[in-house]
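Quick notes on the structure that follows.
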Amino acid sequence: MKDEKRYLFRGFHKRNDGSETITLDDEKVKGEWVYGCYVYDKQNFSIRDMGYEYKAVLPETVGQWVTTDGFFKDIFVGDIVKIEINGRYYKGIVEYSKRYTGYAVKTTCEEFLIANRAVYLIGNIWEDEQ
């Protein structure tokens, strides 16, 4: 199934009673991931969710949707994935690549364009790997 372009963003909404925990600048932060439209009004970074509710998010955690993996899990900028290249798997972080002018998986020594490749979600750079 070919991915259709989706304009979806993910960001972390800080809440003391949140069910999820991320690490940001070596500090544990409780809250929840929210998904929707990214909004910036010169003071606040928010995501408008599917119910049209605006939720403030930590700007460092905002990532755009890139593709869906082989198990139909959404992949966003900032996710840790493994990518298959010529029968070998490489682990890296999804980022925008100026070299390819598109989204790529950046490993410790190389970057690989995501388009038309098998990628599998492992986790993201703010949470412990799954």
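Observations, loosely collected:
- Theoretical gain in end-to-end length, TYR54 to THR108 [0.36 nm per residue, Cα-Cα removed]: 15.8 nm
- Per-residue extension of 0.36 nm, minus the Cα-Cα distance of THR68 and THR101, leaves a gain of 10.0 nm for this segment.
- Tensor-based shape of the range 48-120 (alpha-carbon gyration tensor, a/c under 1.5 rounded, otherwise prolate or oblate): prolate
- Here ASN16 and ARG117 are evaluated by their C-beta separation; at R0 = 41 Å the FRET efficiency comes out at 0.55.
Values in this text are rule-based calculations from the coordinates and carry no lab data. What you are looking at is a predicted structure, and each value in this text was computed from that prediction instead of being measured. Ideal geometry is used to build each Cβ from the backbone, glycine not excepted, and the neighbour counts take in all protein chains shown.
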